[in-house]
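The values are calculated or read from the model by the stated rules, or taken from the named source; none is laboratory data. In this text the structure is predicted, and so the values were computed from the model without any measurement. Positions of Cβ are generated from backbone atoms using ideal geometry, with glycine treated the same way; all protein chains shown enter the neighbour counts.
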Amino acid sequence: MSRKLTSATTLDNLRKEAKRWLKALRENDAQARRRFETGYPNGPDEPALRDVQHALAREYEFENWTQLKQALAARPAPNTRANAVDRFLEYACPDHHIRSLPAHRMARHAAMRILEQNPAIARESIYTAAVCGEIEEVERLLRDRPQLADAKRAATGQDRSGSGGSYDFLGDLGGKDWEPLLFLCATRLPLAKSNGHAVEIARLLLDHGADPNAYCVGGGSHYTPLVLAIGEGEEGRPPHPRRDELVRLLLERGAEPYDGQVIYNIHFQGKVLWWLKLMHEFSMKAGRSADWADPEWHMLDQGNYGSGARWHLRTAIEKDDIELARWCLEHGANPNAAPERDQRFPQRSLYEHAMRMRRPEIAELLLRYGAERRDVELSDEDRWIAACFALDRAEAQRILAQHPEYVQSPTAIFAAAREDRADVAAFLLDLGTPIEVEDAKKQRALHVAAAHDALNVAALLIERGVEVDPYELNYSNTPFDFAAYYQFPRMIDLLRRHSRDVWNLTPIGDVDRLREVFSAEPRLAKTSWQTTPLFWLPEEEDKALEIVKLFLEHGADPNFRSNKDGSTAAAVARKRGMHRVADLLESAGGGGVPDDPEARREQLARDMVSLSEKDDEEALGRLARHFNRILSFEDVRVQLRQRGFKPPLSLDQARELILQSSGAPRQSARRRKPEDYQQAAQDFVSAFDGDAAALERLNQHYGRSFTREDLGAEIWRRVYAFRQRSSREPKRHLKLEEAQIVVAQDAGFSSWPALMQAATARTPPQGEPYVIDAKENRISPRRRITAAEWDELIGVMKERRITALDAGGFITDAVMTRVAELDHVTSLSLGGSRELSDDGLLQLARMPQLERLDLSEYPGGKLTDRGLEVLRHLPNLRTFEMTWQAGITDAGVANLRYCDQIESVNLMGSPTGDGAIEALQGKPKLRSFSTGRLVTDAGLPLLHNFPLLKEWHGEEGARLLIDGPFTNAGLAGLAGLEGVADLDLFWHVTGITTDSFAHLVHLPNLMSLGCDGQLSDDTAMRHIAAIPRLRKLRAQESVATEDGFVALALSKTLEGFWGRECPNFGSRGFVAFSKMPSLRSLGVGLKAVDDAALSTLPDFPALRELTPIGMQDDGFRHVGKCALLERLTCMYCRDTTDAATEHIRGLAIKYYYAGLTQITDRSLEILGGMESLEQVDFYECMKITDTGLSFLARLPRLREVHLDGLPGVTLEGTKVFRSGVHVYYST
């Protein structure tokens, strides 16, 4: 029977129908086969998608798929108006999917074009009326339907709460589900009505019930009306033209003044005092004066970035804002606020920070308000820079005589560029500093000058002949890129006259300069990288047309498709409302691949088959235009080999390869049936027990080639209960319910029931397949992801210039090949990746910018010394971790000798030893070193050749972990290592006796010691107590008796003890600990401690952090009396219930953790009343649900939440948390 097109028929629906039909055919569905043979009697036995589309077109009585598409296109589109409204609101009201000033400018102009072309949009709804300033229409709508004031607009697209990219708005994100007030506060339209009526319309909405604390979610943060109106932040959002009036109105109507996202956003520019004053004014009016009486200003804390007091005073110092510093100090901010927990920030006092940043007035102000004065000893390089800034040639040359290397360093000239001191820059150049001097990321002085609008320095450098368009490695930026990003008009005007950077000359519309550049270098018109300059045309359409013609005259490709989404420059121009430009580009096109995505992929697949067989110039041309990273026939063949394909390719293999490369959806685990997952879980159990057929099925399920050893390693890494059980039982086994959790997590669900429900309903997991930590600039897979999803993740890394990847144990050689193309990535965590081989690791040779590399694996590992040859090519490596890898030796690790910037090396548990120590001798920056397990007495003396171990270099000190069969003599040889502050004697230290601990007193700066099990007996405890500066001790599973612990309690300096389950630790030892004057942190098993001893908990004079291992519910009544406690970690307290939480409800703790306990949402309700809490973490607490999260969301000081392995908690449920709360959710 023939079918007819109706108003409900869409091309998208037909494509989906064709895909479902093809899937049924490939599953040998008899009805699908009969239908196909009816529609396409002469069709192939193994049809491709285009064949099914042809049969579908015949069902509608069209000759082919093309005619069917043309018929659909000829109909008036019923949703054209709705799409225009969606796109207008997308552009006019930027959220986190529009990042940077240029992106905001493009969006704003595009919105105005849409409005000019469709003026009726302004009165389309209350949302557009509020945005366009149509106050009469807003009044009419609210008069008829007052509930509209707080009504969310219907969402018409995907979940948009994930992290955003700079130009996401050019994609198809669908409509925002916002309230009118959010739209109003977000808009930046240059309309007189929009700005003139903004405050009045906001007041109308609030009068009719709009919520001043409404929010949308972006990248884990909450964007409230305050956040949107104030702007700034990482997105570079300009403030609303009526910002001050809107903000005051919102605060008057009940907006939360302590909006953490606002605090974070406005610090970038540093103009924060106006907001600080408003927060103070409205919180004091609300009776919250006690918040400001706290000198740390904890209500304004920024998590790991410091207390509120630290945050604002550091901002004042770094922005040289003495008025802000004075206001903070006058209002009680602590001038001695502790450094940030994030070690990337300067770990020094505020006073020292001010002095080192040459802010003497602020430093004096800090002293006046009670800051501790400390002698700030300037280094020789600091003195050199000071002499240069004073233009003191004699002093500068005196220092250079001792340190000639300073003149070759970029530090001084970068400082001059930041402050636009052209006189200092000239002084340095005259002294001999190379004009092209660069740092480890290839950043040069002109980059710094352009990024800081330092016009005088930039003009000097250009006059002296500097290279104008070099690329640095942080963002792959030229100096012009920085000037354009920050929209510095003076700098742009200077650079454009000298630059050949067509990427930036194009959007500023400099036709004359482009003509000069193309005349000299015509090839630059064909420049491409992910896109081409034709995607970034200026806003003035006449000028854009002129530039397009100029590019086309010089050979630019109008058919080039974006690597991100396959769009063309014409499609982007049309989305921006530049229809004349789009028409010109489309008419200039020809000879490209088809527009239809399915047909395009089919053509590219056939081209790939052809190239695998012969040198096909036309096929290479089409592939090169579509994937611009393909440059030659050899490039194609290399990629085929790297992805495991052997030529000649079959068409099916080529289709799969194109699907992977384009990020297109494919048949995946998400579309499997419940019984497929049930089989996979059972196969996990059977394969673990040695069933080869089950292992093969499991490999097919995941598309991998795991051995039984690989499977065992994965289970060990991912199943905590399995690890715990394996240490107690001789025969290892995997339980079905454990396997089900693994399968569910791999599919993106937190529990087995959730997976079964979703598989039955054919619904995908929530959220993106990856998670982005914006502050760390790090991306991680949220679950096991497909090849296409890896391509999506890598595309996001490119778009957002994400510098760190934590692969979660899922990276493969093929993915590693793709990642190695990213020249801005500096950190890779690849631990646990059983599908990464030496071949994949060697791809890192293309990443000389890499600074951090983690290759750890337990148990075992598959990498060898061959893969470690890549270390020779990583000159900028600073941190290297390769713990427990069984296949490496000293010979492989010795390649670290080529890494002169290395600061931290961790080889713990690996079969390496003296040879690694020998290779690392003399490394000037190596501050942390963990050896492998084969160190002998011969290797330990070589540690005296490590500069930072040998001598004391500041408060932090150096860390040393040593492991192996060395003896007492070897340990005694450590004497004189004055730089060692942290010493760890690891598992395989079996050749010493604890008498040798007497030698540790000869490590004069030892502050932290680790010695577990037999190494911490009674004798050891007596010697440890005598170490003069010891602050921390880790003695897990210590064999010491009560006598030993009583002896340890004599230490006057010990601040922290971690023992985990010490079998002999009892009541007498506990009571002795309660009298230790400095003990702040305690984590130890309490099973042998009676109630009378536990009652001394409140007597601990300094206790702030407690991990009461093995404590039962009733014992927590003593914890509840510890008034000074700040952090409570319920780890190894698996039998505790809500009763334990009831006992602690009166504490003023800042941090709470519960792992594998029996608590329910009732505990979260109790915690929700503990207003001091700043961070809460939950791990595999099976009885917690989304309902409990709403209680935590009320906590006024909450800044960070970690939710890991909670079956009752969903990603959707985490949206209850307000702006400024950073939520880390993992299944």
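Every residue, every condition in (1) of a type in the set (Ser, Thr, Tyr); (2) touching a residue at least 60 places away in the same chain (Cβ under 8 Å); (3) under 21 Å from residue 1129 (Cβ atoms); (4) in contact with a strand residue (DSSP E or B) (Cβ under 9 Å, 6 or more places away or on another chain), yes or no:
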residue: 1025; (1), (2), (3), (4): no, no, no, no
residue: 1028; (1), (2), (3), (4): no, no, no, no
residue: 1033; (1), (2), (3), (4): no, no, yes, yes
residue: 1036; (1), (2), (3), (4): no, no, yes, yes
residue: 1044; (1), (2), (3), (4): no, no, no, no
residue: 1048; (1), (2), (3), (4): no, no, no, yes
residue: 1066; (1), (2), (3), (4): no, no, no, no
residue: 1073; (1), (2), (3), (4): no, no, yes, yes
residue: 1081; (1), (2), (3), (4): yes, no, yes, yes
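More than 26 Å from residue 269 (Cβ to Cβ), surrounded by 23 or more Cβ atoms within 10 Å (Cβ to Cβ) and either out of contact with any Cys (no Cβ under 7 Å at 6 or more places or on another chain) or aliphatic (A, V, I, L, M) (or both): which single residue out of 505, 495 fits that description? Break it down stepwise before answering.
Details: 495 fails: more than 26 Å from residue 269 (Cβ to Cβ).
Answer to the selection: 505.
Please determine, by comparing only the residues of region 265-292 that are assigned to a loop (DSSP other than H, G, I, E, B), touching a Lys or Arg at 6+ places or on another chain (Cβ under 9 Å) and not hydrophobic (A, V, I, L, M, F, W, C), which one is surrounded by the fewest Cβ atoms within 10 Å (Cβ to Cβ). The qualifying residue surrounded by the fewest Cβ atoms within 10 Å (Cβ to Cβ) is 269. Could you tell me which residue of region 293-337 is nearest to residue 283 (Cα to Cα), considering only residues that are β-branched (Val, Ile, Thr) and surrounded by 18 or more Cβ atoms within 10 Å (Cβ to Cβ)? Filtering first and then ranking leaves 315. Please determine whether any residue of region 514-521 is in contact with a Pro (Cβ under 7 Å, 6 or more places away or on another chain) and either outside any helix (DSSP H, G or I) or surrounded by 19 or more Cβ atoms within 10 Å (Cβ to Cβ) (or both). No, region 514-521 has no match at all. If only residues of region 1093-1135 that are assigned to a helix (DSSP H, G or I) and of a type in the set (D, E, K, R) are counted, the one that is nearest to the chain's Cα centre (by Cα) is 1113. Exactly one residue out of 832, 795, 887 is touching a residue at least 40 places away in the same chain (Cβ under 8 Å), within 29 Å of residue 709 (Cβ to Cβ) and either out of contact with any helix residue (DSSP H, G or I) (no Cβ under 7 Å at 6 or more places or on another chain) or assigned to a loop (DSSP other than H, G, I, E, B) (or both), and it is 832.
Does residue 91 count as crowded, with 23+ Cβ neighbours inside 10 Å, in the same structural domain as residue 230 (by TED's automatic domain parsing) and more than 28 Å from residue 1223 (Cβ to Cβ)?
Values: crowded, with 23+ Cβ neighbours inside 10 Å: yes; in the same structural domain as residue 230 (by TED's automatic domain parsing): yes; more than 28 Å from residue 1223 (Cβ to Cβ): yes.
Against the criterion (crowded, with 23+ Cβ neighbours inside 10 Å, in the same structural domain as residue 230 (by TED's automatic domain parsing) and more than 28 Å from residue 1223 (Cβ to Cβ)), residue 91 qualifies.
Only residues that are among the charged types (D, E, K, R), in contact with a helix residue (DSSP H, G or I) (Cβ under 7 Å, 6 or more places away or on another chain) and assigned to a helix (DSSP H, G or I) were counted in region 383-424, giving 3. Show the residue pairs that are 6+ apart or on different chains and have beta-carbon atoms under 6 Å apart, the first residue being within region 361-373 and farther than 10 Å from residue 351 by Cβ, the second being β-branched (Val, Ile, Thr). Close Cβ pairs satisfying both conditions: 361/322.
Scan region 288-296 and tell me whether some residue there is small (Gly, Ala, Ser) and free of Cβ contacts under 8 Å to residues at least 12 places away in the same chain. Write out each step before concluding.
Here is the first cut: in region 288-296, the ones small (Gly, Ala, Ser) are 289-290, 293.
Still in the list and also free of Cβ contacts under 8 Å to residues at least 12 places away in the same chain: 289-290.
Yes: region 288-296 contains one or more residues that are small (Gly, Ala, Ser) and free of Cβ contacts under 8 Å to residues at least 12 places away in the same chain.
Got a sec? Which of 262, 199 is assigned to a helix (DSSP H, G or I) and in contact with an Asp or Glu (Cβ under 6 Å, 6 or more places away or on another chain)?
Values: 262 fails: in contact with an Asp or Glu (Cβ under 6 Å, 6 or more places away or on another chain).
Of the residues listed, the single one that is assigned to a helix (DSSP H, G or I) and in contact with an Asp or Glu (Cβ under 6 Å, 6 or more places away or on another chain) is 199.
Here's the yes/no breakdown for (1) part of a strand (DSSP E or B); (2) out of contact with any strand residue (DSSP E or B) (no Cβ under 9 Å at 6 or more places or on another chain); (3) among the aromatic types (Phe, Trp, Tyr); (4) crowded, with 21+ Cβ neighbours inside 10 Å:
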{"position": "1139", "(1), (2), (3), (4)": "no, yes, no, no"}
{"position": "1147", "(1), (2), (3), (4)": "no, no, no, no"}
{"position": "1158", "(1), (2), (3), (4)": "no, no, no, no"}
{"position": "1165", "(1), (2), (3), (4)": "no, yes, no, no"}
{"position": "1220", "(1), (2), (3), (4)": "no, no, no, yes"}
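Regarding region 409-432, can at least one residue be identified that is in the same structural domain as residue 461 (by TED's automatic domain parsing) and farther than 30 Å from residue 490 by Cβ? Among the residues of region 409-432, not one is in the same structural domain as residue 461 (by TED's automatic domain parsing) and farther than 30 Å from residue 490 by Cβ, which makes the answer no. Contact annotation: residue pairs with Cβ atoms under 7 Å, 6 or more positions apart or on different chains, pairing a residue in region 268-284 that is closer than 19 Å to residue 1197 by Cα with a partner that is crowded, with 17+ Cβ neighbours inside 10 Å and charged (D, E, K, R), are 283/291.
For residue 790, the criteria (1) crowded, with 21+ Cβ neighbours inside 10 Å; (2) closer than 24 Å to residue 531 by Cα; (3) within 12 Å of the chain's Cα centre (by Cα) hold in every case but one, which is (3).
Listed here are the residues, each with its yes/no results for (1) surrounded by 19 or more Cβ atoms within 10 Å (Cβ to Cβ); (2) within 16 Å of residue 247 (Cβ to Cβ); (3) within 34 Å of the chain's Cα centre (by Cα).
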| position | (1), (2), (3) |
| --- | --- |
| 179 | yes, no, yes |
| 187 | yes, yes, yes |
| 192 | no, no, no |
| 196 | no, no, no |
| 213 | no, yes, yes |
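The set of residues in region 546-559 that are surrounded by fewer than 18 Cβ atoms within 10 Å (Cβ to Cβ) and more than 14 Å from residue 522 (Cβ to Cβ) comprises 546, 549.
What number of residues in region 411-443 are among the aliphatic types (A, V, I, L, M) and surrounded by fewer than 21 Cβ atoms within 10 Å (Cβ to Cβ)?
Quick first cut of region 411-443, residues among the aliphatic types (A, V, I, L, M) only: 412-413, 415-417, 422, 424-426, 428-429, 431, 435, 437, 440.
Checking which are surrounded by fewer than 21 Cβ atoms within 10 Å (Cβ to Cβ) leaves us with 415, 422, 426, 429, 431, 435, 437, 440.
The qualifying residues number 8.
For every residue, the table says whether it meets (1) of a type in the set (Lys, Arg); (2) more than 30 Å from residue 87 (Cα to Cα); (3) at pLDDT below 65; (4) surrounded by 21 or more Cβ atoms within 10 Å (Cβ to Cβ).
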site: 581; (1), (2), (3), (4): no, no, no, yes
site: 588; (1), (2), (3), (4): no, no, no, no
site: 596; (1), (2), (3), (4): no, no, yes, no
site: 602; (1), (2), (3), (4): no, yes, no, yes
site: 641; (1), (2), (3), (4): yes, yes, no, no
site: 644; (1), (2), (3), (4): no, yes, yes, no
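Listed conditions (1) at pLDDT below 70; (2) outside any helix (DSSP H, G or I) are all met by residue 577, apart from (1).
The numbered conditions (1) part of a loop (DSSP other than H, G, I, E, B); (2) at pLDDT 95 or above are all true for residue 440 except (2). The one condition from (1) touching a helix residue (DSSP H, G or I) at 6+ places or on another chain (Cβ under 6 Å); (2) of a type in the set (Asp, Glu); (3) free of Cβ contacts under 8 Å to residues at least 60 places away in the same chain that residue 813 does not meet is (3). Candidates in region 845-882 are the residues that are among the basic types (Lys, Arg) and farther than 20 Å from residue 834 by Cα; of these, the one that is modelled with the highest pLDDT is 878.
Please find, among 709, 737, the residue that is at pLDDT 80 or above and within 22 Å of residue 835 (Cβ to Cβ). So that I can check it myself, show each step before the final result.
Working: 737 fails: within 22 Å of residue 835 (Cβ to Cβ).
Just one listed residue meets the conditions, 709.
When region 1056-1072 is limited to residues that are within 17 Å of residue 1013 (Cβ to Cβ) and of a type in the set (Phe, Trp, Tyr), the one that is surrounded by the most Cβ atoms within 10 Å (Cβ to Cβ) turns out to be 1065.
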